[in-house]
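What follows draws every value from the coordinates through simple rules; no lab data is involved. Here the structure is a predicted model, which is why all the values come from computation and not from measurement. Backbone-built Cβ (ideal geometry, glycine too); neighbour counts: all protein chains shown.
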Amino acid sequence: MSIGIVPSPTGRVIGYARVSTKAQKLDLQHDALRRAGCERVFDDHGVSGAKARRPGLDQALYCLRAGDVLVIYKLDRLGRSVEHLAALLREFHARGIHLCSLSEGINTQTIGGKLVFHVFSAVAEFQRDLIRENTLAGLQAAAQRGKRPGRPKRLSAQQVREARRAIHLKGESYAIAAARYGVAPSTVWRAVTG
């Protein structure tokens, strides 16, 4: 086995491989995972890493138990983002599962691998904080310019007053009022009753 993949006495070495398109082949990853001693390999063929649901990964995660080692060819085969990868590493840590990435030489059974786990967690937290900070700054800047967040209103205040008058005083239907303004009847209903 490469880079010291040694499961606990009760653990197994499980592999996971993924390619993004149907035209790509899994052979390179499968060969490397078998050389690493994986007794079982799950895979996703033609599934983007950006997808939240990946059947092969879901099966691998379900199959893993404490003491097992999940082996991947490269980190980008597992996580959609640094945050997703950090979340998976936290889940593995909580469940007593180790991760080994062959290309990067990362193995969470080692001191260096544990350091990588903590670095990924810190980077993911930093990334979340940056996004939150930038979002709040953007909302504040928009508010100072008099802008409101969210989708722009489909009907102006004047159009809402006209529709309310036509519906309540003249008995016009929501559908007729909506057709006049080129919007859906539900839009008029929300504006008039809201």
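Annotation: extensible slack from His45 through Arg145 equals 31.2 nm (criterion: 0.36 nm per residue apart, minus Cα-Cα distance). The residue list Ile72, Val41, Ala143 was ranked by how far each Cα lies along the charge dipole of the chain toward its positive end, using unit charges on Cβ atoms, and Ala143 comes out on top.
Over all other residues within a Cβ to Cβ distance under 14 Å of Gly37, the charged ones net out to +1, with Lys and Arg as +1 and Asp and Glu as -1. Looking at the chain, the DSSP beta bridges with both ends there are about 10 percent antiparallel.
The range 8-39 to the range 158-194: how many Å between their Cα centroids? Computed from Cα coordinates, the inter-centre distance equals 60 Å.
Comparing Ala143, Ala122, Ala175 in a Gaussian network model of the chain, where Cα atoms under 10 Å apart are tied by springs, the biggest mean-square fluctuation is seen for Ala175. Under a GNM of the chain (C-alpha, springs under 10 Å), which listed residue has the highest mean-square fluctuation: Gly138, Gly15, Gly67? Top of the fluctuation ranking is Gly138.
Positive-end ranking of Cys100, Ile176, Ile131 along the dipole of the chain, with charges on Cβ about the Cα centre, is headed by Ile176.
The C-alpha atoms of the chain define a longest principal axis, and helix 82-95 lies at about 60 degrees to it.
With the convex hull of its Cα atoms as the shape, the chain has an orientation-averaged projected area of 16.8 nm². For the chain, modelled as a GNM with alpha-carbon contacts under 10 angstrom, which of Arg151, Arg128, Arg77 fluctuates the most? In this elastic network of the chain, the residue with the biggest mean-square fluctuation among Arg151, Arg128, Arg77 is Arg151. About its Cα centre, the dipole of the range 13-124 is roughly 140 debye, where the only charges are +1 on Lys and Arg Cβ and -1 on Asp and Glu Cβ.
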